[in-house]
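A short worksheet on the structure shown next.
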Amino acid sequence: MEEVEGLLELNKSEGIYIDIGTEVYLEIEGVNFSVTSIFIGMLKDEFMIVTLPKRYKSIKNKLFPSDTMVVKYLHEGSVYAFQTSVIETITNPIRALALEYPKVVQQRELRVVKRNNVVVPARVEAKKKDFPVVIFDISKKGCRFKYHDSISNISSLREGDILRVYCQFPGVADEIGAMACVKNIKREQGQLTIGAEFQDITKAFLLPLMHFLYSIEDFA
């Protein structure tokens, strides 16, 4: 686990910005995947409490006192991250994790046009047809996706065409759709690459998208 660089001093008069019930991502020293917990509360300058993370049984040997981790969460369109260590793992009468109160915190706004190389299963509805695609680049502004150019799919998309993109974000049970406008088209090796800009994006799509973006935000 790399340490969080470029840290900003936490304003002790204002405290840390986080709401009870916020989902947090834990990147634990010695664990090669991140896990999620829910923020329960804190005592300013003393400690923070989160629920025991998902997949707890597989990582509990990495949650002993003084074991370190990076915590990330989303608040009002910005990603916050800080390094902390375990105070205690609580299993009775509640199941929770006590963490050191952060001394420094990094804040980073989710940039509207930042490119994120990803692989997101999706499908597109356009011109009364429906076909699977793979999104490989996504931001709050739009996305780029690929699909095989064939008779059964659409080979006649043009710049300015309106379509609907349905994304299957990790950790979200149902696919979520958004309207988009085709901005550019590129053909290569039997595939079409489409760049599309989201239109009139709804809260139902924006919130899962922002959570997905901040989960892959790189603070290294």
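A few comments on the model shown:
- Criterion applied to Val112, Val124 was being in contact with a Phe, Trp or Tyr (Cβ under 8 Å, 6 or more places away or on another chain), among the hydrophobic types (A, V, I, L, M, F, W, C) and either modelled with pLDDT under 85 or crowded, with 17+ Cβ neighbours inside 10 Å (or both), and the one residue passing it is Val124.
- When segment 198-220 is filtered for residues that are assigned to a strand (DSSP E or B) and surrounded by fewer than 15 Cβ atoms within 10 Å (Cβ to Cβ), only Gln199 remains.
- Within segment 35-80, the set of residues being part of a loop (DSSP other than H, G, I, E, B), surrounded by fewer than 20 Cβ atoms within 10 Å (Cβ to Cβ) and touching a residue at least 40 places away in the same chain (Cβ under 8 Å) comprises Lys44, Asp45, Glu46, Glu76, Gly77.
- The set of residues in segment 172-197 that are free of Cβ contacts under 8 Å to residues at least 24 places away in the same chain and not acidic (Asp, Glu) comprises Ala173, Met179, Cys181, Lys186, Gln189.
- Total residues in segment 173-197, condition over 16 Å from Arg144 (Cα atoms) and surrounded by 13 or more Cβ atoms within 10 Å (Cβ to Cβ): 2
- Options Val4, Val31, Val86: the member that is surrounded by 13 or more Cβ atoms within 10 Å (Cβ to Cβ), over 19 Å from Gly171 (Cβ atoms) and modelled with pLDDT of 85 or more: Val86
- Residue in segment 8-19 that is part of a strand (DSSP E or B), of a type outside the set (Asp, Glu) and at pLDDT 90 or above present: no
The values are calculated or read from the model by the stated rules, or taken from the named source; none is laboratory data. Being a predicted model, the structure only gives us computed values, none of them experimental. Backbone-built Cβ (ideal geometry, glycine too); neighbour counts: all protein chains shown.
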